[in-house]
Amino acid sequence: MTLADAPAPFVFIIAGEPSGDAIGGALIAALRERTGGRLRVDGIGGERMRAEGLTSLVPLADLAVAGVAEVLPRAPLILRRVRETVAVVQQIQPDAVVTIDSSGFSWRVAHRLRDRGERLPLIHYVAPMVWAWRAGRARRMARWYDHLLTLLPFEPAYFERVGLSASYVGHPVLESGAENGDAARFRAAQAIGEDELVLTVLPGSRGGEVRRLLPIFGAALVKLETVIGPFRVAIPTVDIVADLVTEGVRGWPGSPMVLRGPQAKYDAFAASRAALGASGTVALELALAGLPMVIAYRLNPLTEVLLDRVLKVRQVNLVNLILGRQLVPEYLRGDCTAGKLADGLAELIRDERVRSAHREGYHEAVRRLRADGTSPSRNAADRILAIIAERRRRDCAAPQPQGGKTS
């Protein structure tokens, strides 16, 4: 068979949590564009990947867990999902497997595939923060993966040092449209007056973090209301925790509005004065929208003790990491209290100098991420397709068995 006769590229994509699902949705769209629609895709994902035509092998809610202590009770289910995923990959034999973030699940799949002798290309998308903790992770990845796609320009060097080929493709959040929200549309849809203060609250996308953060965030809003007066609260969420969030915000001040879908979220950003969010990719979305933010996070106490022993950086917010300085207030672990969050939000709402400094810093962080001006998802799609093409070239060039038929 010649390359011209080759079937459509067949990619198995695994995203183990909502942030990876958003990246996976954009990747599938880019792969389809780059192949002129000649694409087969299978794998695991959530609402964004389903919107691009994926039928998920397992529910995303089974996998979206963070923290050592949080994972342990779910370990039997996660390991069963690993076995099921590996069995399917071995049965359907895609051209490549692309795992996105969520190393706890993804790496187990990659490890088991290699242990079973599978030589199909394994590509990981979103580098683990080995520069922040557990540098040995880079060496472990190099044993299983063929290539790594990184979101930040300084990351490839950490992995190439240990023999893992890596490419910087850019951060897909730049394609999210977070800067294109419509404040007037949001206010009209929610019957909010032009002069009413709106705040956005983002309690996370995993069940465990939502359960930990909602009571703290709610108490912070109660304190904030006594300081600044009335406001409305927009709470963007994702399908897998929407019911949990809806129940958890009952009784909050601000007549909470639980929102679903990216457009509603970005419209809320545009209408808001400030945001309180769980640490994660959402910080870059908020930076892109120019919305001043306070970032907070709590883990299970056991997980926090373990992190304190191994963490090599004191900041986790991507905006701060890109800038190399602390701009965004981070209230982590013991600092994540209602009083501190309320004070941080009050400053962002009232102080124009602080707000201006935030916006200038966000602009600089986004400018650095946009360095080459190309689409991150298309960059990633091109690299994946190049790896598949190279593998097919090698297969075509391999000597055919002597005697008997060849296929």
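Magnitude of the Cβ-charge dipole of the range 73-180, K/R +1 and D/E -1, about the Cα centre, nearest 20 debye?
780
Please give the FRET efficiency for residue 196 paired with residue 374, using the beta carbon to beta carbon distance and R0 = 45 Å, rounded to the nearest 0.05.
Once the sixth-power term is evaluated, E becomes 0.65.
So if we plug the beta-carbon distance of residue 389 and residue 244 into 1/(1 + (r/R0)^6) with R0 = 41 Å, what FRET efficiency do we get, rounded to 0.05?
0.40
Compute the angle between helix 103-115 and the longest alpha-carbon principal axis of the chain, please, reported from 0 to 90 degrees and rounded to the nearest 10.
The two axes meet at around 10 degrees.
What is the gain in length, in nm to one decimal, between residue 363 and residue 77 on full extension, counting 0.36 nm per residue of separation less the C-alpha to C-alpha distance?
The span from residue 363 to residue 77 would gain 98.7 nm if fully extended.
Calculate how steeply helix 18-34 sits against the longest principal axis of the alpha-carbon atoms of the chain, using the helix alpha-carbon long axis, and give the answer as 0 to 90 degrees to the nearest 10.
It works out to around 50 degrees.
To test your reading of the geometry: what angle, between 0 and 90 degrees and rounded to tens, separates the Cα axis of helix 376-397 from the longest principal axis of the chain?
The answer is roughly 10 degrees.
In nm, what is the difference between 0.36 nm times the number of residues separating residue 143 and residue 189 and their Cα-Cα distance?
Taking 0.36 nm per residue and subtracting the Cα distance, the gain is 11.4 nm.
Size of the dipole of the chain about the Cα centre, Lys and Arg at +1 and Asp and Glu at -1 on the beta carbon, nothing else charged, in debye to 20?
In total the dipole reaches around 1320 debye.
Separation between the residue 161 and residue 350 pseudo-spin-labels, each 7 Å from Cα along Cα→Cβ, expressed in nm?
Once both label points are built, they end up 4.6 nm from each other.
Looking at the range 194-261, which GluC sites (Glu not before Pro) are DSSP coil and have at most 10 other C-beta atoms within 10 Å of their C-beta?
Loop-located and lightly packed - 194.
According to a simple spin-label model (label point 7 Å from Cα along Cα-to-Cβ), what is the distance in nm between residue 333 and residue 92?
Computed distance between label sites residue 92 and residue 333 equals 4.2 nm.
Of 12, 324, 152, which is farthest on the positive side of the dipole of the chain, counting Cα position, with +1 on Lys and Arg Cβ, -1 on Asp and Glu Cβ, and the Cα centre as origin?
Positive-end residue among those listed: 12.
Find the centroid of the Cα atoms in the range 319-376 and in the range 196-211, then give the distance between the two in whole Å.
Cα centroid to Cα centroid, the span is 17 Å.
Counting Lys +1, Arg +1, Asp -1, Glu -1, what net charge surrounds residue 45 among other residues with beta carbon under 11 Å of its beta carbon?
Counting the neighbours of residue 45, the net charge comes to -3.
Please give the per residue accessible area of the chain, computed with a probe of 1.4 Å over protein heavy atoms only, in Å².
Per residue, the chain has an accessible area of 44 Å².
Carbon-plus-sulfur fraction of the accessible area of the chain, 1.4 Å probe, in percent?
Whole-percent figure for carbon plus sulfur exposure: 50.
The values are calculated or read from the model by the stated rules, or taken from the named source; none is laboratory data. Bear in mind the structure is a predicted one, so any value in this text is a computation, not a measurement. A quick note on method: Cβ atoms are made from the backbone with ideal geometry, for glycine too, and the neighbour counts reach across all protein chains shown. What goes into the accessible areas is simple: the full protein's heavy atoms, side chains included, and nothing from ligands, DNA or RNA. Shrake-Rupley method; radii C 1.70, N 1.55, O 1.52, S 1.80 Å.
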